1. Working carefully through the options LEU442, LEU393, find the one that is surrounded by fewer than 23 Cβ atoms within 10 Å (Cβ to Cβ), in contact with a Ser or Thr (Cβ under 9 Å, 6 or more places away or on another chain) and farther than 30 Å from GLY221 by Cβ.
2. Residues in the range 59-72: is at least one touching a Phe, Trp or Tyr at 6+ places or on another chain (Cβ under 7 Å), more than 15 Å from VAL405 (Cα to Cα) and in contact (Cβ under 8 Å) with a residue 40 or more places away in the chain?
3. Take PHE366 and tell me if it is touching a residue at least 24 places away in the same chain (Cβ under 8 Å) and either buried (at least 23 other Cβ atoms within 10 Å of the Cβ) or outside the structural domain of LEU444 (by TED's automatic domain parsing) (or both).
4. Tell me, yes or no, whether the range 148-168 has at least one residue that is among the hydroxyl-bearing types (Ser, Thr, Tyr), in the same structural domain as VAL24 (by TED's automatic domain parsing) and under 27 Å from ARG72 (Cα atoms).
5. Being in a helix (DSSP H, G or I), among the hydrophobic types (A, V, I, L, M, F, W, C) and surrounded by fewer than 21 Cβ atoms within 10 Å (Cβ to Cβ) narrows it down to one residue among LEU178, LEU210; which is it?
6. Taking the condition assigned to a helix (DSSP H, G or I), outside the structural domain of GLY77 (by TED's automatic domain parsing) and surrounded by fewer than 16 Cβ atoms within 10 Å (Cβ to Cβ), does ALA228 pass?
7. I want to confirm something. Restricting to the range 321-354 and keeping residues that are of a type outside the set (Gly, Ala, Ser) and outside any helix (DSSP H, G or I), which single residue is surrounded by the most Cβ atoms within 10 Å (Cβ to Cβ)?
8. Could you please find all residues in the range 138-168 being of a type in the set (Val, Ile, Thr) and within 17 Å of VAL86 (Cβ to Cβ)?
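The values are calculated or read from the model by the stated rules, or taken from the named source; none is laboratory data. What you see is a predicted model, and the numbers here were worked out from it, not measured in a lab. Positions of Cβ are backbone-derived with ideal geometry, glycine not excepted, and every protein chain shown enters the neighbour counts.
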Amino acid sequence: MSGGRLVLPVVLSATFVQLLNVTVAQVAAPAIQAGLGAGPGAVQLVLAGYTLTYACLLIPAARLGDRYGYRRLFVTGTVVFTAGSVAGACAPDAASLITARLVQGAGSGLVAPQVLSLIQATTPTTRRPRALGLYGATMAVASLAGPLMGGLVLSADLFGLGWRPVMLLTVPVALASLGGATALPRTRGADGLRVDKLGALLVTVGAGSLILPLALGRGAGWPWWTWAGFALSAAALGHFVRSLPHRPDPLIHPAVLHHRPARRGTLLVFVFNTGVPSFTYLLFLHLQSAIGYSALTAALTSAPFAAAAIVGSRAAPVLTRRHGPMVLTVASLVLAGMCLALAPLVGSAAGRQVALPVLAVGGAAFGTFTASVFTLVLAEVHGPAAGSVSGLLPTAQQLGGSVGVTAAGLAYYAPAADKDTAFRHAMLYQVAAFTITALISLRLRDRAARRSSVCCFCCVRGQRGNR
């Protein structure tokens, strides 16, 4: 296999471990709390620490890749991520584990924007939709493989080490990515390009002061500092956006502010991800805490969703070519229907058996959406805005996930007659998230239809002119 053909497997393996690292930690959280004697707040920081540094670095890292070269940032980030994973497995206490998770997130934040940039830089235009479809499929598989792999490792209790081997699950794949990085093109970067340090600070402060209160606020009872964090986030991100047109070397090209497809595509990814991680989080939370399933049994119960997601992601390129953005609308509505159907089913053993095919249908829709959305959004973004989207889309993905998990948790823990009613409340939140996603995707469809009509009109005029 030539170096050029190795680029996609290398970058997709890095994407796989970044997202796998989120869900395996969620499954291992109870074991971590028991093994380290940590309090609920510390465990929340173990989970949130990774997302915190991951999301904060995405936009600055995209600019650093432009400046110093995508391969250099990819290698640096992978080394940092691997070091954090090993340190996490060896952590003697909760504080050390939280620090290791922060390091892991920083490594992922450095790598993620380089993946999209490398795909766009090395893949011919005709093959790019397939590559982006595989990118989306990898994200789908990774986010769903985590619970199953984590459950298997925890149940095996390898060498009596409890949760620690879970932290090492990503290391072999990360090392393979590092070894394969020699196949990546050695881009020099732009020597004259400056990194906007104040802009990077504003983005980091804005994202961090949003994610941290979202992760810890509900468990802490929403004290004053959480609301102060939200205010600080709004001020920092607002100033960042307002000052973009006036900065000499902005992290995001100002054209993004005026480019409707870029704005709409970023919003679409954000809203969809307010529903996706929160759905798997709620399902596992309910199966384990309310029904009493083990981590492995809960993972096996969700296996139809994961298996069907792979099928959906494989079908996505063909469906996208034939139906365009309509694929996103239908997939979103199917996911909303799945959540609506699950609400009354999960409360009984017989209902949970019926829920398995429902989960499979939803999984196929999830895989189709995830494998299609980046292709369809990036196909609509042209000109100067295109380069900035490689950092914006993963950022929207992470921020959406953080907002969604918090909102879904609020719905689940709201006053309810029993735990089954609480689950129904949470599923209604999911229905709302996926329905709004469908409405936003309709605007992409309208734009695609108008563009197709214009192209047809131009072709007809051209044929008439040649008569």
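1. Of the residues listed, the single one that is surrounded by fewer than 23 Cβ atoms within 10 Å (Cβ to Cβ), in contact with a Ser or Thr (Cβ under 9 Å, 6 or more places away or on another chain) and farther than 30 Å from GLY221 by Cβ is LEU442.
2. Among the residues of the range 59-72, not one is touching a Phe, Trp or Tyr at 6+ places or on another chain (Cβ under 7 Å), more than 15 Å from VAL405 (Cα to Cα) and in contact (Cβ under 8 Å) with a residue 40 or more places away in the chain, which makes the answer no.
3. So PHE366 fits the description; yes.
4. No, the range 148-168 contains no residue that is among the hydroxyl-bearing types (Ser, Thr, Tyr), in the same structural domain as VAL24 (by TED's automatic domain parsing) and under 27 Å from ARG72 (Cα atoms).
5. Checking each option against the conditions leaves just LEU178.
6. Judged against the criteria, ALA228 is a match.
7. Among those residues, the one meeting the criterion is PRO325.
8. VAL153, VAL166
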